[in-house]
Amino acid sequence: MHRKRLLSLIGIFMAAFIFLTVSTTKSQAATTSTTTASESAISNAKQLLIDNKKWQYNSTNKVYYQVGIKYGTKTTSTTYESMGIFIPAAYVNAKSNGDDTYTLTINDSGKVNGYTAKTAPMVMPINTPGYSAQAAPTAYDSSSASYTNAGFIYVAAGCRGMNQTDTTNGSSPWGVTDLKAAVRTLRLNKSSLAGDTDRIFTFGHSGGGAQSSIMGSSGNSSLYTKYLNSIGAPMVTTSGKSTSDAIDGAMAWCPITNLDTANEGYEWNMGQFATTGTRKSGTFTKALSNDMATSFAKYINKLGLKNSNGTKLTLKKSKSGIYQSGTYYNYLKKVVEQSLNNFLKDTTFPYKATTQSGPSGTKPSGTAPSASVTSTSGTTTTTGTTTGTTTGTTTTGTTAGAAGGAAPTTSSSTSKTYKTAAAYIKSLNKNGTWIKYNSKKNTATITSLKAFVKHEKQATKDVGAFDGLTRQETENGLFATSDRTTNHFDKIMNTLLHTNSKKYSKLKGYKSSYAKAFSADLKKTDTLGSSMQTRLNMYTPMYFLSSYYKGYNTSTVAKHWRIRTGLFQTDTALTTETNLELALKQNKNVSDVDFATVWAQGHTEAERKGNNVTNFIKWVNKSVKSE
């Protein structure tokens with residue numbers, strides 16, 4: 001009996017020994033794996049250190065610059081995936097290498113506009129209309145001069161986009177991934193590079209404004225990690241510390257963004273009031289439009305947006321129109337009125353208004369005519385609409401036909417001068433009074449959002465405005481997969497097409513194939529295994545900003561924001577920029593939000609006064625000083 005117990009105890013001890021040995025081996029293996037991964041990441045980072053012996057000099061603007069700087073060791077595009085850095089000469093000491101290149105070291109005493117090499121903010125343009133690719137600079141970029149003269153470090157980072165031959169590498173989330181890699185590379189080189197890498201500001205218009213907004217909202221989001229790793233972005237420094245792709249501030253003009261509800265917002269704000277084309281009575285798309293408008297109202301009521309007084313903003317059913325009542329409705333009405341009153345305050349009469357009419361063939365067939373776009377003169381800036389992002393002054397052009405800005409070929413314009421504000425308001429009321437003007441106070445109110453939309457912001461895009469029924473819209477290409485260059489992405493439209501199929505099938509234009517196509521596309525994944533919904537989340541600022549979404553508090557949100565939009569633009573609903581503004585103001589990580597809609601301007605780098613570049617520079621200066 002004693003022997004049996006002894007053998008039993010020996011067996012137990014041997015089992016325990018084997019278990020501990022195996023566990024220790026696994027632990028050592030895990031440690032070795034972690035160490036190997038860390039060493040690999042450090043080795044990767046070392047390959048992305050900037051060579052300070054390869055700087056060039058522009059004597060005209062007194063700037064040292066270097067182009068062709070890689071931000072990933074596994075990047076594939078020589079055209080897009082690199083960046084150029086432009087530094088005011090005062091911030092560095094330069095030694096000639098005898099071959100038109102220079103070796104730079106930091107000059108701690110040099111100053112430009114009160115900034116030093118340690119305090120100068122960095123600004124990154126995102127010139128990606130229609131979510132297009134942005135080519136990296138190959139030589140000195142004259143666009144940088146305004147910013148380097150202001151004492152900023154100008155960083156022109158190329159990024160992939162939808163106008164590439166390989167459309168899957170230009171779709172979500174690759175453009176923003178490239179920009180994030182560039183930011184991480186700046187921080188990797190912090191010790192040897194002039195400029196404050198904690199003060200990085202992005203700025204862009206339209207699709208560029210959208211990607212600037214995404215950069216500002218999604219800092220350090222883990223959703224991007226596998227994409228950054230796939231291009232060999234520097235995830236750690238040479239000492240093994242994590243890098244960051246969060247930015248300090250984001251500037252967005254007319255951002256075409258928040259695509260998860262952009263279709264529905266368009267129909268609620270604009271589409272429900274249209275009666276022609278795809279919104280003609282008796283068509284299934286008119287019924288779909290109305291259902292989308294209702295879905296948007298239900299979304300707003302769950303979103304939890306609040307005004308500055310803490311009042312929850314919601315929509316209510318109304319006798320006239322779809323959910324044209326409630327605190328959210330009142331808020332948007334006041335946004336329009338504030339824009340008009342800003343215009344009356346800013347403008348010196350006589351005032352010359354120039355209406356720009358877009359060329360034929362740039363908008364979907366059968367849609368309502370575009371709203372007028374007005375240029376102003378006097379004390380206000382001469383404005384209009386542009387189809388891309390300019391880094392110079394605000395320009396006059398024509399309303400873009402696509403959400404991201406398809407370039408028109410021709411345009412026409414008419415102009416008229418108004419001697420007084422009263423005369424201008426009278427002209428707006430010529431087809432029925434919808435603006436009430438107080439001449440003593442020089443202020444005005446509007447009767448309803450419907451009246452404003454029907455006079456100045458008519459829908460010019462088909463149902464759905466961003467996810468087309470035949471995948472024809474610009475944004476459909478943003479969700480390309482290896483088997484298709486355009487895909488559906490709108491989950492709400494998919495639900496409506498299936499739920500209301502019996503109702504729609506009795507109306508003109510309905511095809512059962514629409515619902516099937518949506519279902520099939522929404523099930524697709526990209527080359528790294530991400531679902532369509534995940535890719536949509538990665539390109540939706542609201543996903544990171546609002547507690548309604550699962551992505552809330554999973555990223556580092558930029559502290560400073562500036563948003564401007566031309567109120568008369570028909571490229572997106574006013575709800576897009578307004579929801580972004582409201583969510584930002586509620587977000588505890590955001591310090592300030594400078595938001596304005598600009599009366600009588602369209603899809604452009606809209607500004608109430610002055611120049612878009614000058615105003616952006618002033619805002620960056622103000623943001624930096626507030627910290």
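Placing unit charges on the Cβ atoms of the charged side chains and taking the dipole of the range 436-488 about its Cα centre, the candidate lying farthest along the positive direction among Val453, Gly468, Phe479 is Val453. Dipole check for the range 525-627: with +1 at the C-beta of Lys and Arg, -1 at the C-beta of Asp and Glu, and the Cα centre as origin, the magnitude is about 340 Debye. Once backbone amide H atoms are built at 1.01 Å from N, Tyr57 has Tyr65 as its partners under 5 Å, excluding neighbours fewer than 5 places away on the same chain. With a 1.4 Å probe and all protein chains left in place, how much of the accessible area of the range 534-575 comes from carbon and sulfur atoms, in whole percent? Reported share for carbon and sulfur atoms: 43 percent. Taking all Cα pairs closer than 8 Å and separated by 6 or more residues, the relative contact order of the range 63-164 comes to 33 percent.
Of all lysines in the structure, the ones whose alpha carbon falls short of 23 Å from that of Lys430, not counting any fewer than 8 places away in one chain, are Lys333, Lys334, Lys345, Lys352, Lys416, Lys419, Lys440, Lys441, Lys450, Lys454, Lys457.
Computed with a 1.4 Å probe over protein heavy atoms only, the accessible surface of the range 101-155 comes to 35 Å² per residue. Highest mean packing first, where packing is the average number of other Cβ atoms within 10 Å per residue, the peptides 520-526, 340-346 line up as 340-346, 520-526. Packing order of peptides 478-485, 304-311, highest average first: 478-485, 304-311 (average count of other Cβ atoms within 10 Å over each peptide's residues). Specify whether the C-alpha gyration tensor of the range 292-339 places it in the rounded, prolate or oblate class, a ≥ b ≥ c being the square roots of the eigenvalues: rounded for a/c under 1.5, otherwise prolate if a/b is larger than b/c and oblate if not. Oblate is the answer for the range 292-339, as a/c is 1.5 or above yet b/c matches or exceeds a/b.
Take each peptide in 270-282, 126-138, count the other Cβ atoms within 10 Å of every residue, and average; sorted highest first, the result is 126-138, 270-282. The charge dipole of the range 53-202, taken about its Cα centre with unit charges on the Cβ of Lys, Arg, Asp and Glu (plus for the first two, minus for the last two), comes to roughly 360 debye.
Excluding ligands, DNA and RNA, the accessible surface per residue across the range 529-574 is 26 Å² with a 1.4 Å probe. Expressed as a whole percent, the accessible surface of the range 181-289 that belongs to carbon and sulfur atoms is 49, based on a 1.4 Å probe. Rounded to the nearest whole Hz, the Karplus-based 3J(HN,Hα) values (6.51 cos²θ - 1.76 cosθ + 1.60, θ = phi - 60°) of the range 210-224 follow the sequence 5, 6, 5, 5, 5, 4, x, 9, 10, x, 6, 4, 5, 4, 8, with x at glycine and proline.
The values are calculated or read from the model by the stated rules, or taken from the named source; none is laboratory data. Because the structure is a prediction, the values reported are computed rather than measured. Every residue, glycine among them, receives a Cβ derived from its backbone with ideal geometry; neighbour counts consider all protein chains shown. Ligands, DNA and RNA are excluded from the accessible area calculation, which covers all protein heavy atoms including side chains. Shrake-Rupley method; radii C 1.70, N 1.55, O 1.52, S 1.80 Å.
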